[in-house]
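Take a look at the structure below.
The values are calculated or read from the model by the stated rules, or taken from the named source; none is laboratory data. The model shown is predicted, which means the values in this text are computed figures rather than measured ones. No Cβ is skipped: glycine too gets one built from the backbone with ideal geometry, and neighbour counts run over all protein chains shown.
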Amino acid sequence: MKEWIGTTDVAIDVPTVVSIGKFDGEHKGHQKILKTMKEIASWEGYATAIFTFGTPPAAVVEGNLRPQIDTNEERRERLREAGIMYIVEYPFTQETASMSGEDFIRSVLIGKMNMKAIVAGPDCSFGKDRSGNAALLEKLGPVLGFRTVIIQKEKDDGRDISSTYIREELMRGDIQKANELLGSPYFVEGTVREGNHIGGPVLGFPTVNVAAPAGKLLPRSGVYETRVILSDHREIRGVTNVGGNPSVSGDRQNHVPRVETFLLDFSGNLYGQKIRIEFYRFLRPEIKFDSLESLRAQIEKDVKCLK
């Protein structure tokens, strides 16, 4: 396996089956593409290769830098786990932006990635003014010597499964639907840091605080049933609050959204450890309480929901 991250100096010297896209979240639609790629690779003796951009083109062209389901590193890790042999995370430059769809196929997919087959969705688009699409791939394939396989979209109740759909469900707080579309639990991973030091001493519910990685989408503010995966792979049930901690007037993080979790049946110091918080069920919206005693009473109710 080899990766090219943030460079245009890509050179793959074996024939490949390629797919291009953001692969944000690796949902069921992405999984269908990856499965087809691996089948073609097995039949033809090709290597599997993914082309994506380090920064989504829309973020550069339109200034639309929205949070993603996966960070770039999380995306790479998912693709590694899926058995992809080559990952190309290309920089989106002015030169790349001005390249036509046909030039992109010739110079990058064939010239740099040695593409002999490509798997794509019917709405794939690439190149300047989105001049590259499924029709162009099917037209140029016989001319340039590659096979095009167009995969129909996976659907949920008649709607295309997409990263946009999943983001909408996360922002609504429908974590169960988001998990269903993803095919795995949505998670936030980060290092445990100091909070306000009121969870254990004041409220009687010691918590762990994690800041989401830059660019990572947080689900709707509120309280969730979660599972926490510790660095030693232990799994602990938890109650997690996503939000700005509005009930604490002297909040150390100035009410910046974060992820704070009470671990059930656990004691110990996790400061500095990397943990993963998997989300399973939305319990209630985040509330600003008039007193810490009211907050403590509500946390007791939240915990009882899990028992």
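Laid out as a table, the results:
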| item | result |
| --- | --- |
| Unmet requirement for T96, which otherwise passes all of (1) in contact with a Lys or Arg (Cβ under 7 Å, 6 or more places away or on another chain); (2) in a helix (DSSP H, G or I); (3) not small (G, A, S) | (1) |
| Breaking point among (1) touching a residue at least 40 places away in the same chain (Cβ under 8 Å); (2) loosely packed, with under 13 Cβ neighbours inside 10 Å, for V119 | (2) |
| Filter result for L109 (over 26 Å from the mean Cα position of the chain (by Cα), modelled with pLDDT of 95 or more, surrounded by 20 or more Cβ atoms within 10 Å (Cβ to Cβ) and in the same structural domain as V14 (by TED's automatic domain parsing)) | no |
| Search result, residues across the stretch 20-56 that are under 15 Å from S162 (Cβ atoms) and of a type in the set (G, A, S) | G21, G25, G29 |
| Residues of the stretch 163-196 that turn out to be in a helix (DSSP H, G or I) and among the aromatic types (F, W, Y), as a count | 1 |
| All positions within the stretch 263-307 that are more than 24 Å from I69 (Cβ to Cβ), among the aromatic types (F, W, Y) and modelled with pLDDT of 80 or more | F266, Y271 |
| Test for E102: is it in a helix (DSSP H, G or I), at pLDDT below 95 and surrounded by fewer than 18 Cβ atoms within 10 Å (Cβ to Cβ) | no |
| Subset of the stretch 148-180 [under 23 Å from M99 (Cβ atoms) and either acidic (D, E) or touching a Gly at 6+ places or on another chain (Cβ under 6 Å) (or both)] | T148 |
| Among the candidates T48, T16, residue that is modelled with pLDDT of 95 or more and over 15 Å from R80 (Cα atoms) | T16 |
| Set S221, S231: member being modelled with pLDDT of 85 or more, among the polar types (S, T, N, Q) and in contact with a Lys or Arg (Cβ under 7 Å, 6 or more places away or on another chain) | S231 |
| Among the residues listed as T8, T52, the single one being β-branched (V, I, T), out of contact with any Cys (no Cβ under 8 Å at 6 or more places or on another chain) and under 26 Å from F187 (Cα atoms) | T52 |
| Filtered residues of the stretch 11-27 (kept if buried (at least 18 other Cβ atoms within 10 Å of the Cβ) and within 24 Å of A178 (Cβ to Cβ)) | S19, G21, F23, D24, G25, E26, H27 |
| Matching option when the condition is at pLDDT 90 or above, touching a strand residue (DSSP E or B) at 6+ places or on another chain (Cβ under 8 Å) and in the same structural domain as V223 (by TED's automatic domain parsing), among G200, G190, G195 | G190 |
| Output for the stretch 78-90, where each listed residue is exposed (fewer than 14 other Cβ atoms within 10 Å of the Cβ) and either within 10 Å of the chain's Cα centre (by Cα) or part of a loop (DSSP other than H, G, I, E, B) (or both) | G83 |
| Boolean, K35 is under 30 Å from G215 (Cα atoms), at pLDDT 95 or above, basic (K, R) and surrounded by fewer than 18 Cβ atoms within 10 Å (Cβ to Cβ) | yes |
| Set S184, S162: member being out of contact with any strand residue (DSSP E or B) (no Cβ under 8 Å at 6 or more places or on another chain), closer than 30 Å to A117 by Cβ, at pLDDT below 95 and surrounded by fewer than 16 Cβ atoms within 10 Å (Cβ to Cβ) | S184 |
